[in-house]
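Written out below as structure tokens is the structure these notes cover.
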Amino acid sequence: MTATPGGLLLVAAVLVPFVGVLAGFALGGRNAQRVAAVTILAGAAIAAAIVAAAPDSGGTLVYLLGGWPPPLGIALRADALSLVMIPAIAVVILGIGVYARADFATPEGVREARAPLVFWTLLLAIWGALNLVFVAGEAFFEQVALELLTFAAVPLVSLDGKAETLRAALRYLLYALSGSIFYLLGAVLVYGTYGTLDIALLGERADPDPATLVAAALMTVGLAAKTALFPLHLWLPPAHAGAPPAASAVLSGLVVKGSWFLVVRLWFDVLPGVVTAPSAELLAALGAGAILVGNVVALRQERLKLLVAYSTVAQIGYLFLMFPLAFDAGAAALARGGALAGGTLQAISHALAKAAMFMAAGLVYRGLGHDRIAELGGVARALPLTVLTFAVAGLALMGLPPSGAFAAKKLLLDAAGMSGRWWWETVLDVGGLLTASYVVLVLAHALARPAGGAVEPAKPVSRLSELAALALALGSLALGFAALGPAPFDALPKPLAAKEFGAALVTLTGGAVLAVALGRKLPPLAAGGGLAAAVRRVTVPAGAAFVRADGVLRQWPVAALALMLAAIAFAATMLLGR
């Protein structure tokens, strides 16, 4: 293995954000925001340069730390997957940075304020840690990057210093560290078996022996806990409940992508011929559970921010549906192809849309002084750009044309059809209906007439923040236009075709029906008597049962038991699937 000409850019992508962290702390005060602005612009330029340098390096950038190749040294690598994630995350960081200027500006007449200083430095630390996750070529080095990401993300939860947010931050920290223990146990088994943790070398040497299979199970479950994959989502809803909107956008749009990326790296690059079809089906089954429970519980929330938080639980589930769809039964191994492309596109689309949705929820709270869904009447007239952002982000999350999730869904549906796994097609279609239900519910309240006359914003809302959120939402929506371009999207249906718009209309109509059936209260303009009342007598208690079940799953004893049972289940499917 040798270094490539553009390899030094990978070092810059990691170091520049961390240099910004040190400079922000050293200069302090309102200078931290200025340092962050310069660093974000520089980091975005480096991300663009990495993409531009890839063709001259054969599509993969490599840098050898200290000039020593693995296994003696550590290599930084950026393959096709990394080359997609690095610029996508840079775009989201840029959008969040513009949005957060209004919320985390140092007040006039104050030399230094705690929240702005901490936010801007942690934002850069999270970016640097994510870039390290994307380019690290060694399993233990990846773990170090993931821990940096965790320790930078946890304080964002408790920026206001309140007792409840401190509890949520500690809950996040402890559960994430529990996941780290599982991952490290698996890494120890791998190192003891093969004498290296280099990803490329392990991909060549890994065999389906019992130690490797158990290691794969432990590492997968540990990373799933950090990603908040159902039922290991103990920390995510309370973390979002009290975090500032910009922090929630970072946690949901970016932080969970780090551990998900490592699951992809582990399964597709290290153990593609070791993992089994039953274990892939189990991973996707947890994703399906996340889609069902997360969406239904989201629909039952009273606050907009918690609705978006549970939407994140559901959307994480989509990221894990690709694993069985990528399994080649003939080769008994995972194969890169349409399923992996669909999952990656789904991750990028989610990062853009979910960050925009949390931003919109924050702007609603700032403008109205509350985010109670039932009392959002008139907000569309008072904050039209904010409601438009929520609507566009919602359309993107539903997978409607021409969003990136639309293209991702089509790739996954094609993979499911080719593999004969029709049940995952059903999960994808039902998931779209459930997502549409809470988007329609929120928009129905936002577009309704206010009970007490016209609504005026209680506090001024930054137009620049609104535009930043809208830009991210539109970016997620515009990703689907890649379907109009060259391969690998040339086989997809055109997103502007009449057939696709007909399917979109069906999704929106079905979502409206589910909103009436499962919502905590009837949406405005919905008929309250007759058939609707009869249906709600059955469906509303069912929705409430989902909420109670979620409350049980998020209790510490149950969540700890779920972590251990998941490890046992994955180990069993790995060992018995051979």
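The values are calculated or read from the model by the stated rules, or taken from the named source; none is laboratory data. Please read all numbers here as calculations on a predicted model, not as lab measurements. Every residue, glycine among them, receives a Cβ derived from its backbone with ideal geometry; neighbour counts consider all protein chains shown. In case anyone asks, the SASA skips ligands and DNA or RNA and just uses the protein heavy atoms, side chains included. Shrake-Rupley method; radii C 1.70, N 1.55, O 1.52, S 1.80 Å.
Which entries in the list Lys409/Lys459; Lys257/Lys409; Lys162/Lys354; Lys226/Lys305; Lys226/Lys499 go over 29 Å, if you measure between the two C-alpha atoms of each? Checking Cα-Cα distances, Lys409/Lys459; Lys226/Lys499 exceed 29 Å.
Spin-label model, Ala163/Arg520: points 7 Å from Cα along the beta carbon direction are separated by 2.4 nm.
Just the number please: accessible area per residue for the range 276-539, 1.4 Å probe, all protein chains included, in Å².
Here the per-residue accessible area is 37 Å².
Could you give the length gained on full extension between Asp328 and Ala37, defined as 0.36 nm per residue of separation minus the Cα-Cα distance, in nm?
On the way: separation 291, 0.36 × 291 = 104.76 nm, distance 4.57 nm.
Full-extension gain reported as 100.2 nm.
Remark: spin-label model distance Ala335-Met564 equals 4.1 nm, labels positioned 7 Å along the Cα→Cβ axis. Translational diffusion coefficient, Stokes-Einstein: compute it for the range 155-250 using the Kirkwood radius over C-alpha pairs as Rh, at 37 °C and 0.692 mPa s, and state it as an integer in µm² s⁻¹. For these conditions, the coefficient is 221 µm²/s. A simple spin-label model places the labels of Leu65 and Ala478 3.7 nm from each other, with each point 7 Å out along Cα-to-Cβ.
Note on exposure: Trp68, Trp260 ranked by accessible area (1.4 Å probe, complete protein assembly) read Trp68, Trp260, with the most exposed listed first. Counting only protein chain heavy atoms and rolling a 1.4 Å probe, the accessible areas of Leu505, Leu472 rank, largest first, as Leu505, Leu472. Three principal axis extents describe the C-alpha atoms of the range 73-143; from largest down they are 50, 23, 13 Å. Across the alpha-carbon atoms of the range 276-539, the computed radius of gyration and Dmax are 18.8, 65 angstrom.
Based on every Cα atom in the range 307-420, Rg and the maximum pairwise Cα distance Dmax equal 17.4, 58 Å.
Shape summary: the chain maps onto an equivalent ellipsoid whose semi-axes, from the alpha-carbon gyration tensor, are 35, 29, 23 Å in decreasing order. Each residue of the range 440-448 was assigned a 3J(HN,Hα) from its phi angle through the Karplus curve 6.51 cos²θ - 1.76 cosθ + 1.60 (θ = phi - 60°); the sequence is 4, 4, 5, 5, 4, 5, 5, 8, 6 Hz, with glycine and proline shown as x.
If you take the beta carbon distance between Trp556 and Val188 as r and set R0 to 25 Å, what does 1/(1 + (r/R0)^6) give as a FRET efficiency, to the nearest 0.05? Result of the calculation: an efficiency of 0.45.
In this structure the amide hydrogen of Asp198, modeled in the peptide plane, comes within under 5 Å of the amide hydrogens of Ala139, none closer than 5 places in sequence on its chain. Note that the range 198-204 has calculated 3J(HN,Hα) couplings of 5, 5, 5, 5, 5, x, 7 Hz, one per residue in order, obtained from phi through the Karplus relation 6.51 cos²θ - 1.76 cosθ + 1.60 (θ = phi - 60°); glycine and proline are x.
Taking Lys499, Lys257 and ordering them by how much accessible surface each has at a 1.4 Å probe, largest first, produces Lys499, Lys257. Annotation: Phe140 carries an accessible surface of approximately 100 Å², with a 1.4 Å probe and no ligand, DNA or RNA atoms counted.
The share of accessible area on the chain that comes from carbon and sulfur is 70 percent, using a 1.4 angstrom probe. Reducing the range 332-371 and the range 1-35 to their Cα centroids gives an inter-centroid distance of 26 Å.
How long are the three semi-axes of the equivalent ellipsoid of the range 192-324, in whole Å, if each is the root of 5 times an eigenvalue of the C-alpha gyration tensor, listed from largest down?
Semi-axes (√(5λ), whole Å): 32, 15, 10.
Each residue of the range 263-272 was assigned a 3J(HN,Hα) from its phi angle through the Karplus expression (A = 6.51, B = -1.76, C = 1.60, θ = phi - 60°), giving 4, 4, 4, 5, 6, 8, 9, 8, 10, x Hz with x at Gly and Pro.
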